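Participant: Quick one: this structure, given as structure tokens, is what I'll be asking you about.
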Protein chains: 2
Amino acid sequence: MSEQLLSSRNLAFELYEVLDAEALTQRPRFAEHSRETFDAALTTARTIAEKYFAPHNRKADENEPRYVDGRAELIPEVKPAVDAFLEAGFLNANRDFDVGGMQLPSLVSQACFAHFQAANAGTTAYPFLTMGAANLIESFGTEEQKRLFLQPMIEGRYFGTMALTEPHAGSSLTDIRSRAEPAGDGSYRLKGNKIFISGGDHELSENIVHMVLAKLPDAPAGVKGISLFIVPKYLVNPDGSLGPRNDVLLAGLFHKMGWRGTTSTALNFGDNGQCVGYLVGQPHQGLACMFQMMNEARIGVGMGAVMLGYAGYLYSLEYARQRPQGRLPDNKDPHTPAVPIIEHSDVKRMLLAQKAYVEGAFDLGLYAARLFDDTHTAADAEARRQALELLDLLTPIVKSWPSAFCLKANELAIQILGGHGYTREYPVEQYYRDNRLNPIHEGTEGIQSLDLLGRKLAQNNGAGLKQLIRLIAGTCERASHHPNLDTLRQPLEQLVNRLQAVTLALLGDLGQGKVAGALANSALYLKAFGHCVIGWRWLEQAIHAEVGLLKGSDRDFYLGKLQAARYFLTWEVPGCHNDLALLEARDDTCLGMQEGWF
Amino acid sequence: MSEQLLSSRNLAFELYEVLDAEALTQRPRFAEHSRETFDAALTTARTIAEKYFAPHNRKADENEPRYVDGRAELIPEVKPAVDAFLEAGFLNANRDFDVGGMQLPSLVSQACFAHFQAANAGTTAYPFLTMGAANLIESFGTEEQKRLFLQPMIEGRYFGTMALTEPHAGSSLTDIRSRAEPAGDGSYRLKGNKIFISGGDHELSENIVHMVLAKLPDAPAGVKGISLFIVPKYLVNPDGSLGPRNDVLLAGLFHKMGWRGTTSTALNFGDNGQCVGYLVGQPHQGLACMFQMMNEARIGVGMGAVMLGYAGYLYSLEYARQRPQGRLPDNKDPHTPAVPIIEHSDVKRMLLAQKAYVEGAFDLGLYAARLFDDTHTAADAEARRQALELLDLLTPIVKSWPSAFCLKANELAIQILGGHGYTREYPVEQYYRDNRLNPIHEGTEGIQSLDLLGRKLAQNNGAGLKQLIRLIAGTCERASHHPNLDTLRQPLEQLVNRLQAVTLALLGDLGQGKVAGALANSALYLKAFGHCVIGWRWLEQAIHAEVGLLKGSDRDFYLGKLQAARYFLTWEVPGCHNDLALLEARDDTCLGMQEGWF
């Protein structure tokens, strides 16, 4: 059987050739690991994903959660899948051995998780959200909160959610209206409405722990007045047993275009004035807490987009190999047999573009996970700081680039299947619908572009940016020893040089308070910056492919890598120069457009 | 109420400012028409589209046709809508007064039809397919065939389909296997299976007339051995009354991602050896017949893509005007009220891009319809020939460009609505799903690119191309009298000059038999050529906007046109230079990719 979720050869290339996962086993935290233990975890992930997650992906799409008597009802296949995930320990893949975790590097745990994301985005969301909520409590909760809420989450008995968005405020968290009043006993009473809360109700777990953003009575206006609360679906008694239902009402379900397996809920907190919550971290520091945990979550979202793209790529690749249709253009003889469509140049283009998008973004996602490992396990504080600076800078790209371009990959997968691709008898249309969520949730493309240009670039006096430029220059230098790679290196060098100049100019504008003009075309900047980063990662992959070719084995694999690198660096990267020209000119076509002119 | 289907101001701009519809009333065929009769037809179309088509667009999506006892069952709202369409005479909008038609120019009838396409793509397909089938019989059928099949179609009693695609052959019509044996009485017995036959079964009409491609026993191999047949669902007696059911079996329905209101069927012809068909036109000339009718059908498909884009644009525009969220980037004061999102530069970008795509493509579609009118009503044979040459050349663009870029517009409409746009509580996600069909059916993007580069360019010694280049040069010359338009004209001139050189080089290669290399990157050529054409149409619109501005009224409308033209010509058109560079270099990245390397 051909691989459906991801290419294990490509995964091994990333882990053991490009990103040197084995080097991590030299670090104390991962000293008990080895390539063998990494591979064992990956094999388990693949097995469970194939056995429990993939089979109900379509069924979950066709039978979205139903609102029944105030509860959300899921199809029965979800729970055994999630249970198998929990039982195998993936919820705690990164946690310490001594709390029952696998103590895996994030690089490996993200790679494990990728299998589930490719197999079934909807079902995978439940443990994903639980991991995010658990991490918040682990980082910022009191010992009591950890005992009562984190521990049962680690045990897989409680699940979690992130409850940020409110109907009137959308992306503008500044304007949330949910309130939390001190109850006098150390707890709070919350009141407010949240929407688009994924996993906001289900019967997969004994309890659901909502991580809710709300404002205290004395809160300053704006984002600096937002606090973070634990609000459980069922109250928890001091001995850890379940108490009565909390005043959290499932107001309704959203019916989405895709990603239908995950309940998307509207939740009312405190309709009856009895919604009990517990402050996490310091008052008014809720958004800071949330953002501190955001890097890993956004890697996860980016990887989710990659994996939907990857699954579509592999499916359309196999289809193109099997499907005979038409003849090559220099053969018009209808008596000759039809060729598999993979032989048509335009089909190769659509496959090569998909390969360039998904394998480029897959590399970046794992590179970011590797950086995350460095933030807490690199040899010294300086190296850890550097890793964090670079990761902070890259996070908007890690989240947004796959969301845009792996969606495009899914569009191409449909096109390769033609009319069949448009039907629900084949899986690629679902990947496309599922993936359309990724440019929206966890910070839209627009939010990411402002985060990058308006915040991340200038952080720490641009230390992350300087580091990135140095790393790209280093890759280009190494590439220059491979004459074969000249035509790949040069477009990257041209882009990075121009991008650097544009960046300095825009930061200069921001420094002078010309904010509106500098940020007006942030979408162009996000795209050009993203292409620069992915182009860099492809050049890295190409260098490793050149090295691999010298070893003599796996020749086809490495030649494919070089061809995909060539596609991305010569077909896609040079296309960014018009974006940069518009940024250089501070083009005001969009900024200057008036509402009345539409 | 804001307009939902299309902007009537923009339609008037196209008809009466850009394309001079009134000039058509000078022609004998349209002499009884006037701007008033045109507008009356348009108003009727809008009224019926709003009253009968739009209201069940979502319901039809949620309740796709069901296969019940060998029949396809539709929701009850479809028939009254189609009946209202028929009753108002739109099925015969172009036909002669003396057969009960409206004798409208195609320019106006396409504009009428556009309202239905925007309101409900699924329901509109039934009359659309019937019009195509009727036109085929009108052009190539015998008098007897016209009496028995065309006349009841004109009366709206019979509907029609086009049955081309077969399971194993897909786009490669060369390889169809359906057979037709002479029965000795002048009729034929057909045997074969067809898939993706839209409107292949329903109860909207007394009968369904399938226009089927099949091969005669003595057929030469390949596309020159394909014949066209009438195959009715119910046989028709010589007196026009319905006979028994023909041997056409509804084998099943396809379940699509979108466009769900239209049945997509698998039909088996002749499972019992009793499938009666009637040859239309000459033996082995079926594909030529089909293609002769293709221009108007492909304008229709292109306009369908435009109108889904248009409906999404208008919806997201209205949403952006109404939805307050966030503040402008130079105002961080959370005490100030949120602004409507249309004030954010990135939202303006997404609206401006949609406007540029949908209004650019709308103009091209209507321009093509105007050319179609010229093919049979221009003053002399030479003018008619020229119109046909240009229309033939433009048809792949008219079909494919909106299919690609108005889908992109729909993607942007979702993004503007954010999480809401991803839910089925809002209409934009359906437009996106519906529109995803357009790059596939009636000739995929890949087929269109080969049609353009491999066939249309060289037709008639490149007469169509020369004409297009002359027309673009003429527009640029007129634009040069408006200094305001210099920055719009120059990118178009640069693109068209380079495109012309690339075209000659590629045609040279084709002339020398270097077919595989010349056609390898046809997708890039299609995109660059399309952008050149749309850029030209935007420059035309910009000139008319400049003229309009001088008149002093409707200032906002004209300024919006100029800004959209600026967006397209400065943000999008220069982006094609990398495509042309790859074509100039005969880049073989895709062609050279090997199956084993993936």
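The values are calculated or read from the model by the stated rules, or taken from the named source; none is laboratory data. Since the model is a prediction, treat every value here as computed from it, not as a measurement. Please note: Cβ atoms are built from the backbone with ideal geometry, for glycine as well, and neighbour counts cover all protein chains shown. Just so you know, the surface numbers come from the protein's heavy atoms only, side chains and all, with ligands and any DNA or RNA stripped out. Shrake-Rupley method; radii C 1.70, N 1.55, O 1.52, S 1.80 Å.
Participant: Output the direction-averaged projected area (hull surface divided by four) of the convex hull of the alpha-carbon atoms of segment A:386-540, in nm².
Facilitator: Taking a quarter of the hull surface, the average projection is 10.9 nm².
Participant: Quick one: if you take sqrt(5λ) for each eigenvalue of the C-alpha gyration tensor of segment B:95-157, what semi-axes come out, biggest first, whole angstrom?
Facilitator: Over the Cα atoms of segment B:95-157, the semi-axes work out to 22, 14, 9 Å.
Participant: Can you pull the accessible area of B:M162 for me, 1.4 Å probe, Å² to the nearest 10?
Facilitator: Roughly 40 Å² of B:M162 is accessible to a 1.4 Å probe.
Participant: Can you give the Rg to Rh ratio for chain A, taking only C-alpha atoms and Rh from Kirkwood?
Facilitator: 0.97
Participant: Going through the DSSP H helices of chain A, which span 27 Å or more along their own axis at the Cα atoms while scoring at least -1.0 as a mean Kyte-Doolittle hydropathy?
Facilitator: Qualifying helices, which must be both long enough and hydrophobic enough, are A:121-140, A:294-322, A:345-377, A:381-417, A:459-479, A:486-511, A:522-551.
Participant: Using a 1.4 Å probe on the protein chains only, how many percent of the accessible area of segment A:258-345 belongs to carbon and sulfur?
Facilitator: 52
Participant: At 1.4 Å probe size, with no ligands or nucleic acids counted, give the accessible surface of A:E36 in Å², nearest ten.
Facilitator: A:E36 has an accessible surface of roughly 130 Å² with all protein chains in place.
Participant: Counting only DSSP beta bridges with both residues in the protein assembly as shown, what percent are antiparallel, rounded to the nearest 5?
Facilitator: Percentage antiparallel, nearest 5: 80.
Participant: How would B:Y431, A:Y67, B:Y422, A:Y426 rank on accessible area, largest to smallest, probe 1.4 Å?
Facilitator: A:Y67, A:Y426, B:Y431, B:Y422
Participant: Follow-up. Under 25 °C and 0.890 mPa s, how fast does segment A:477-566 diffuse according to Stokes-Einstein, given a Kirkwood radius computed over C-alpha pairs? Answer in µm²/s, whole number.
Facilitator: For these conditions, the coefficient is 166 µm²/s.
Participant: Please work out the C-alpha center-to-center distance from segment B:544-598 to segment B:247-308 and express it in whole Å.
Facilitator: Segment B:544-598 and segment B:247-308 have Cα centres spaced 34 Å from each other.
Participant: Let me ask something additional. Just grab the label-to-label distance for A:R455 and A:V339, each label 7 Å out from Cα along the Cβ direction, in nm (one decimal).
Facilitator: So the label points at A:R455 and A:V339 sit 5.1 nm apart.
Participant: If you build the convex hull over the alpha carbons only and average its shadow over all orientations, what do you get for segment A:1-71? Give it in nm² to one decimal.
Facilitator: Average of the hull's projected areas for segment A:1-71 equals 7.9 nm².
Participant: If you roll a 1.4 Å probe over the heavy atoms of the protein chains, what accessible area per residue do you get for chain A, in Å²?
Facilitator: Spelled out: the 1.4 Å probe surface of chain A, per residue, equals 34 Å².
Participant: Turning to a different aspect of this structure: Could you pull out every residue, at least 5 positions away or on a different chain, whose amide H is within less than 5 Å of the one on A:W259? Hs are placed 1.01 Å off N in the peptide plane, and Pro or chain starts have none.
Facilitator: A:D434
Participant: What is the set of long-range amide H partners of A:T265 at a cut-off below 5 Å, with H atoms built 1.01 Å from backbone N?
Facilitator: For A:T265, the qualifying residues are A:F196, A:I197, A:S198, A:G199, A:G200, A:F254.
Participant: About the Cα centre of segment B:426-521, how large is the charge dipole given +1 on each Lys and Arg Cβ and -1 on each Asp and Glu Cβ? Please answer in debye to the nearest 20.
Facilitator: About 260 debye.
Participant: On to the next question. Top to bottom by accessible area (1.4 Å), largest first, where do B:T123, B:T47 land?
Facilitator: Of B:T123, B:T47, the descending order of accessible area is B:T47, B:T123.
Participant: Tabulate in residue order the Karplus-calculated ³J(HN,Hα) for segment A:13-20, using 6.51 cos²θ - 1.76 cosθ + 1.60 with θ = phi - 60°, rounded to whole Hz; enter x for Gly and Pro.
Facilitator: Per residue, the Karplus-derived 3J(HN,Hα) values read 4, 5, 5, 10, 10, 7, 9, 6 Hz.
Participant: Please find, among residues of chain A, the one with the beta carbon closest to the rotation axis relating it to chain B, distance in whole Å.
Facilitator: Taking the axis that maps A onto B, the answer comes out as A:G575, 3.
Participant: For segment B:209-287, evaluate the Debye formula with one uniform point scatterer on each Cα (no solvent term) and list log10 I(q)/I(0) at q = 0.19, 0.20 Å⁻¹, rounded to two decimals.
Facilitator: -0.93, -0.98
Participant: Counting only the heavy atoms of the protein chains, how much of A:W536 is accessible to a 1.4 Å probe, in Å² to the nearest 10?
Facilitator: Result for A:W536: roughly 0 Å² accessible.
Participant: So what's the projected area for segment A:255-320, the Cα convex hull averaged over all directions, in nm²?
Facilitator: 7.4
Participant: Separate question: If each of A:A288 and A:T44 carries a label point 7 Å out from its Cα toward its Cβ, how far apart are those two points in nm?
Facilitator: Calculated label separation equals 3.8 nm.
Participant: I need the Kirkwood Rh of the protein assembly as shown: take the reciprocal of the average 1/r across all distinct C-alpha pairs and report it in angstrom.
Facilitator: Here the Kirkwood hydrodynamic radius works out to 31.5 Å.
Participant: Under a Cβ-only charge scheme (Lys and Arg +1, Asp and Glu -1), can you give me the dipole magnitude of the protein assembly as shown about the Cα centre, in debye to the nearest 20?
Facilitator: In debye, rounded to 20, the protein assembly as shown gives about 520.
Participant: Here's something else I'd like to know. With a point put 7 Å past each Cα toward its Cβ, work out how far A:R586 is from A:Y67 in nm, to one decimal.
Facilitator: For A:R586 paired with A:Y67, the spin-label model returns 5.0 nm.
Participant: May I have the convex hull volume per residue, in Å³, for the Cα set of segment B:217-349?
Facilitator: Roughly 213 Å³ of hull volume per residue.
Participant: Could you please put B:D587, B:D434, B:D218 in sequence from largest to smallest accessible area, using a 1.4 Å probe?
Facilitator: Sorted descending by solvent-accessible area, the residues read B:D218, B:D587, B:D434.
Participant: Right, here's the next one. Can you give me the relative contact order of chain A as a percent, contacts being Cα pairs under 8 Å and 6 or more apart?
Facilitator: Relative contact order comes out at 12 percent.
Participant: What residue among B:A409, B:P396, B:Y432 has its Cα farthest toward the positive end of the dipole of segment B:394-441, where the charges are +1 on Lys, Arg and -1 on Asp, Glu, each on the Cβ?
Facilitator: Projecting each Cα onto the dipole axis, the largest value belongs to B:P396.
Participant: In a solvent-free Debye calculation with one equal scatterer on each Cα, what is log10 I(q)/I(0) for segment B:327-432 at q = 0.10, 0.15, 0.18 Å⁻¹, listed in the order of the q values?
Facilitator: For segment B:327-432, the Cα-only Debye profile gives -0.47, -0.76, -0.90.
Participant: Right, another one. How much of the calculated P(r) for segment B:24-113 lies past 19 Å, in percent of all Cα pairs?
Facilitator: Percentage above 19 Å: 49.
Participant: Let me ask you something else. Along segment A:189-201, what does the Karplus equation 6.51 cos²θ - 1.76 cosθ + 1.60 (θ = phi - 60°) give for ³J(HN,Hα), rounded to whole Hz, x for Gly and Pro?
Facilitator: Working through the residues one at a time gives 10, 9, 8, x, 10, 10, 10, 6, 7, 6, x, x, 7 Hz.
Participant: Taking the Cα centre of each part, how many Å lie between segment B:482-514 and segment B:164-184?
Facilitator: 40
Participant: Between A:P483, A:L495, A:W538, whose Cα lies farthest towards the positive end of the dipole of segment A:466-558 when Lys and Arg beta carbons carry +1 and Asp and Glu beta carbons carry -1, centred on the Cα centre?
Facilitator: A:L495
Participant: Could I ask something else about it? Accessible area lost on pairing B with A, both sides, 1.4 Å probe, Å² to nearest 100?
Facilitator: Its buried surface, counting both partners, is about 8100 Å².
Participant: Would you work out the charge dipole size for segment B:129-187 about its Cα centre, treating the Cβ of every Lys and Arg as +1 and the Cβ of every Asp and Glu as -1, and quote it to the nearest 20 debye?
Facilitator: 120
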